[in-house]
Amino acid sequence: MPDFDPQILREYSLLADGERGIIVGPRGDFSWMCFPRWDDEAVFSSMLGGPGLYAVAPARDPFVWGGHYEEGTLIWRSRWVTTGGIIECREALAMPAETDRAVVLRRIVALRGAACVRVQLDARAGYGESTMSDLSQDAGVWTARSGRFRLRWTGAEHAQRRDGRLQVEVELAEGEEHDLVLEIAERALPDELVDPTVAWDGTESAWAQAVPTLAATIAARDARHAYAVLRGLTSRAGGMVAAVTTSLPERAEEGRNYDYRYAWIRDQCYAGQAVAANGAHPLLDDAVGFVSARLLDDGPQLRPAYTVAGGQVPAESHVGLPGYPGGADKVGNQVGTQFQIDAFGEALLLLASAARLDRLDNDHWRAAEAAVAAIEQRWRDPGAGIWELGDERWTHSRLICAAGLRAIAQAAPTRQGAAWQGLADTLVADAARDCLHPTGRWQRSPTDGRVDAALLLPVIRGALPAHDPRSRATFEAVRRELAEDYYLYRFRQDERPLHEAEGAFLLCGFEMAMAVHQQGETAEALRWFERNRAACGPPGLFTEEYDVVQRQLRGNLPQAFVHALLLESARRLAGPWTDDHTALG
């Protein structure tokens with residue numbers, strides 16, 4: 001619908017229950033939702049130009065938008081200030097979640113003055129292909145089908161059918177509330193209707209139990225929000241999607257589009273290590289369980305990414321939508337055919353973090369041994385690397401594997417530990433043989449002499465000491481060549497100014513905050529942290545890139561690994577640097 005064209009990314013918020021998510025626009029439009037799982041087809045797709053949406057917004061008066069999350073949750077309150085008053089809509093995906101049924105809660109509140117809101121429901125399964133059919137109402141309850149899905153909608157008994165959708169205006173006196181409950185299911189819906197009060201109470205309770213206080217951080221509210229985002233992106237099977245959306249461009253003029261609705265091993269390890277730095281919270285166990293299962297199943301053939309259920313990522317294809325402006329309509333991802341050896345190093349770092357908190361069982365240790373065996377077998381093989389580029393023997397890949405080996409060796413029995421430390425020494429020596437720049441810093445690969453911000457991470461993780469001359473030279477080169485106004489870029493693409501080639505990478509900005517802290521520059525580390533944690537919109541969600549000049553978010557939303565590094569750096573910067581990467585409190 002033209003009234004709900006895509007908006008700038010900083011204005012979108014997220015509802016999530018672990019099994020799927022909803023992207024909410026500033027005009028109360030649910031503009032993106034895949035069902036039943038993250039990587040399934042969308043039922044609301046207006047964000048990519050499709051016809052499906054579910055909207056609640058002021059009906060008559062001009063308004064300005066705002067909103068906030070209830071702390072430690074993904075319960076969102078859309079807020080509209082109109083010429084006649086203030087209206088809020090409290091919104092959530094009900095928890096605990098079911099894999100084959102979503103319960104969408106919306107509670108409209110007239111905070112000041114009378115309110116009139118227009119509600120529109122236009123569920124379209126199959127990326128907009130299937131309109132709502134079999135529409136009927138009984139005792140004020142609407143039921144319908146869209147594709148293979150069943151729908152039930154309460155709270156809209158006066159809705160009218162218009163152009164294949166349902167529409168109603170709801171009028172409230174000041175102080176009144178009105179509940180809407182939408183159910184979407186793959187199976188027959190239960191006879192009993194959802195009681196909105198009970199559903200809200202259960203959702204509040206679930207979030208209260210899921211998100212820890214995280215008081216021992218320098219930014220407890222943002223740290224808790226980051227944890228809530230990671231929890232919302234993590235399914236009951238333990239897999240965490242990298243982002244909720246697909247095909248949102250990193251830079252509008254570049255035309256690059258990626259589908260991030262899958263579980264990257266690397267990203268999941270980042271999240272698990274961030275949680276471990278704050279204590280033995282449930283998301284650590286989720287990460288360990290999911291990554292261990294993949295290692296035990298696939299060993300040296302570990303894929304860089306999986307579906308959240310552990311399946312194979314599909315090949316790229318198009319779904320026939322116009323796409324977000326500057327983007328396309330691509331789903332699937334070529335990562336499923338790549339080899340990325342650094343994932344084994346990250347897996348070992350995750351498992352070592354869990355071991356220090358006594359969270360590993362025998363199967364997890366078997367997974368660690370499988371990761372070590374894979375590194376032994378394949379460390380000479382070229383791969384796509386952290387940035388998923390052409391196959392190379394990337395320096396970062398070897399050094400992060402060395403960091404993982406050192407970390408797990410410290411937690412392993414003495415005999416194994418000595419052998420694993422020896423393998424780590426071999427990898428560092430091999431990288432020094434062909435990836436040491438004439439200036440004394442690490443370079444990207446044997447054939448690429450540029451510096452790379454990813455090379456900060458192996459030192460943060462303990463592959464080499466921070467005072468090693470190679471570490472220090474790399475740190476200074478990254479800061480000198482890749483920084484702009486306390487934002488950090490991955491590497492220099494070409495001779496253009498950094499911001500013209502791509503956006504700043506927020507992951508790298510938080511890594512730099514930790515690297516600066518590790519080097520003993522506490523005040524400077526805080527500057528990096530504060531700058532990068534401000535690179536979001538009012539809902540506090542981060543994308544992968546930040547356009548420094550235009551101050552805009554770029555890429556899929558929300559990007560899990562950015563929230564993970566915010567969570568970790570918020571803990572690490574709260575006290576003196578320590579090489580013990582877990583349970584800092």
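A Cβ distance below 8 Å, combined with a sequence gap of six or more or placement on separate chains, defines the contacts here; from region 159-172, residues that are in contact (Cβ under 8 Å) with a residue 12 or more places away in the chain reach residues that are surrounded by 12 or more Cβ atoms within 10 Å (Cβ to Cβ) and of a type in the set (Phe, Trp, Tyr) in the pairs ALA159/TRP142; ALA159/TRP153; LEU166/TRP142; LEU166/TRP153. Taking the numbered list (1) of a type outside the set (D, E, K, R); (2) out of contact with any Phe, Trp or Tyr (no Cβ under 9 Å at 6 or more places or on another chain); (3) modelled with pLDDT of 95 or more in turn, VAL43 passes all entries but (2). Among the conditions (1) in contact (Cβ under 8 Å) with a residue 60 or more places away in the chain; (2) within 30 Å of ALA274 (Cα to Cα), LEU121 misses just one, which is (2). Residue by residue through region 388-419, note down the ones that are open to solvent by 20 Å² or more (accessible area, probe 1.4 Å) and either at pLDDT 95 or above or within 15 Å of ASP579 (Cβ to Cβ) (or both). The answer is ASP391, GLU392, ARG393, TRP394, ARG406, GLN410, ALA411. Scanning region 229-250 for residues that are over 10 Å from the mean Cα position of the chain (by Cα) and open to solvent by 40 Å² or more (accessible area, probe 1.4 Å) turns up ARG236, ALA237.
If we keep just the residues of region 400-413 that are more than 25 Å from the chain's Cα centre (by Cα) and in contact (Cβ under 8 Å) with a residue 40 or more places away in the chain, which is nearest to GLY449 (Cα to Cα)? Show your work before the answer.
Looking only at region 400-413, we keep the residues that are more than 25 Å from the chain's Cα centre (by Cα), and these are 402, 405-413.
Now drop any that are not in contact (Cβ under 8 Å) with a residue 40 or more places away in the chain, which leaves 402, 405-408, 410-412.
Details: ALA402: 21, LEU405: 26, ARG406: 26, ALA407: 28, ILE408: 30, GLN410: 33, ALA411: 35, ALA412: 36 Å.
If we take residues in region 400-413 being more than 25 Å from the chain's Cα centre (by Cα) and in contact (Cβ under 8 Å) with a residue 40 or more places away in the chain, then ALA402 is nearest to GLY449 (Cα to Cα).
Selection of first residues in region 318-335 that are under 20 Å from ALA305 (Cα atoms) and of second residues that are aromatic (Phe, Trp, Tyr), restricted to Cβ pairs under 7 Å at least 6 apart or on distinct chains, gives the following pairs, ordered by first then second residue: ASN333/TYR258; ASN333/TYR262.
Residues in region 150-168 that are closer than 18 Å to LEU193 by Cβ, under 34 Å from the mean Cα position of the chain (by Cα) and not charged (D, E, K, R): LEU151, TRP153, THR154, GLY155, ALA156, LEU166.
Only one of these is under 28 Å from ALA55 (Cα atoms), part of a strand (DSSP E or B) and in contact (Cβ under 8 Å) with a residue 24 or more places away in the chain: LEU182, LEU193. Name it. Outline the logic, then answer.
Details: LEU193 fails: part of a strand (DSSP E or B).
Being under 28 Å from ALA55 (Cα atoms), part of a strand (DSSP E or B) and in contact (Cβ under 8 Å) with a residue 24 or more places away in the chain holds for just one of LEU182, LEU193, which is LEU182.
In region 226-238, the residues that are at positive phi reach residues that are open to solvent by 10 Å² or more (accessible area, probe 1.4 Å) with C-beta atoms within less than 7 angstrom, at least six apart or across chains, in these pairs: GLY238/ASP286; GLY238/GLY289. For the structure I just gave you, tell me whether GLU253 is open to solvent by 40 Å² or more (accessible area, probe 1.4 Å) and modelled with pLDDT of 95 or more. Judged against the criteria, GLU253 is not a match.
On the stretch given as region 186-215, residues that are under 23 Å from the mean Cα position of the chain (by Cα) and not hydroxyl-bearing (Ser, Thr, Tyr) total 10. ALA347 meets the conditions (1) out of contact with any helix residue (DSSP H, G or I) (no Cβ under 7 Å at 6 or more places or on another chain); (2) touching a residue at least 40 places away in the same chain (Cβ under 8 Å); (3) of a type in the set (A, V, I, L, M, F, W, C) in every case but one. The failed one is (1). Residues in region 148-160 that are part of a strand (DSSP E or B) and either modelled with pLDDT under 95 or open to solvent by 60 Å² or more (accessible area, probe 1.4 Å) (or both): ARG150, GLN160. Taking (1) open to solvent by less than 20 Å² (accessible area, probe 1.4 Å); (2) closer than 29 Å to GLY239 by Cβ in turn, ALA525 satisfies each apart from (2).
You will find that of LEU427, LEU457, LEU423, LEU464, the residue that is touching a residue at least 60 places away in the same chain (Cβ under 8 Å) and in a helix (DSSP H, G or I) is LEU457 and no other. Checked against (1) within 16 Å of ALA453 (Cβ to Cβ); (2) out of contact with any strand residue (DSSP E or B) (no Cβ under 8 Å at 6 or more places or on another chain); (3) in contact (Cβ under 8 Å) with a residue 12 or more places away in the chain, HIS563 meets all criteria but (1).
Taken over region 333-359, the criterion of being surrounded by fewer than 24 Cβ atoms within 10 Å (Cβ to Cβ), at pLDDT 95 or above and part of a helix (DSSP H, G or I) is satisfied by ALA355, ARG356.
From the list LEU566, LEU557, LEU526, LEU507, the lone residue that is assigned to a loop (DSSP other than H, G, I, E, B), at negative phi and among the aliphatic types (A, V, I, L, M) is LEU557.
Please verify whether region 292-303 includes one or more residues that are open to solvent by 20 Å² or more (accessible area, probe 1.4 Å) and in a loop (DSSP other than H, G, I, E, B). If you could, list the steps in order and put the result at the bottom.
Pass one, region 292-303, residues open to solvent by 20 Å² or more (accessible area, probe 1.4 Å): 293-294, 296-298, 300-301, 303.
In the following step, the residues that additionally are in a loop (DSSP other than H, G, I, E, B) were identified as 303.
Yes - at least one qualifying residue is present in region 292-303.
Criterion applied to ALA535, ALA513, ALA574 was being in a loop (DSSP other than H, G, I, E, B), open to solvent by less than 10 Å² (accessible area, probe 1.4 Å) and small (Gly, Ala, Ser), and the one residue passing it is ALA535. Filtered by the rule that a residue be in contact with a Pro (Cβ under 8 Å, 6 or more places away or on another chain) and without any contact (Cβ under 8 Å) to a residue 40 or more places away in the chain, region 26-56 gives a lone residue, SER31.
Residue-wise test of (1) farther than 30 Å from ARG112 by Cα; (2) open to solvent by 50 Å² or more (accessible area, probe 1.4 Å); (3) in a helix (DSSP H, G or I).
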residue: ALA188; (1), (2), (3): yes, yes, no
residue: VAL198; (1), (2), (3): no, yes, yes
residue: TYR227; (1), (2), (3): yes, no, yes
residue: ARG266; (1), (2), (3): yes, no, yes
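Output yes when any residue across region 161-168 is among the charged types (D, E, K, R), out of contact with any Ser or Thr (no Cβ under 9 Å at 6 or more places or on another chain), within 30 Å of LYS330 (Cα to Cα) and surrounded by fewer than 21 Cβ atoms within 10 Å (Cβ to Cβ), and no when none is. Full working, then the answer.
So in region 161-168, the residues among the charged types (D, E, K, R) come out as 161-163, 165.
Among the residues that remain, those that are also out of contact with any Ser or Thr (no Cβ under 9 Å at 6 or more places or on another chain) are: 161-163.
Pick out the ones that are also within 30 Å of LYS330 (Cα to Cα) and you get 163.
Restricting the remaining residues to those that are surrounded by fewer than 21 Cβ atoms within 10 Å (Cβ to Cβ) gives 163.
Yes, region 161-168 contains a residue that is among the charged types (D, E, K, R), out of contact with any Ser or Thr (no Cβ under 9 Å at 6 or more places or on another chain), within 30 Å of LYS330 (Cα to Cα) and surrounded by fewer than 21 Cβ atoms within 10 Å (Cβ to Cβ).
Out of ALA453, ALA483, ALA501, report the one residue that is under 30 Å from GLY537 (Cβ atoms), touching a Phe, Trp or Tyr at 6+ places or on another chain (Cβ under 9 Å), open to solvent by 30 Å² or more (accessible area, probe 1.4 Å) and not polar (S, T, N, Q). Spell out the reasoning first.
Values: ALA453 fails: open to solvent by 30 Å² or more (accessible area, probe 1.4 Å); ALA501 fails: open to solvent by 30 Å² or more (accessible area, probe 1.4 Å).
After applying the criteria, what remains is ALA483.
In region 1-103, counting only strands (runs of 3 or more DSSP E) that sit wholly within it, none holds 3 or more residues that are aliphatic (A, V, I, L, M) and open to solvent by 20 Å² or more (accessible area, probe 1.4 Å).
The values are calculated or read from the model by the stated rules, or taken from the named source; none is laboratory data. Keep in mind it's a predicted model, so treat the numbers as computed, not measured. FYI the Cβ positions are ideal-geometry reconstructions off the backbone, even for glycines, and counts take in every protein chain you see. Surface areas here come from the heavy atoms of the whole protein model, side chains and all, with no ligands, DNA or RNA. Shrake-Rupley method; radii C 1.70, N 1.55, O 1.52, S 1.80 Å.
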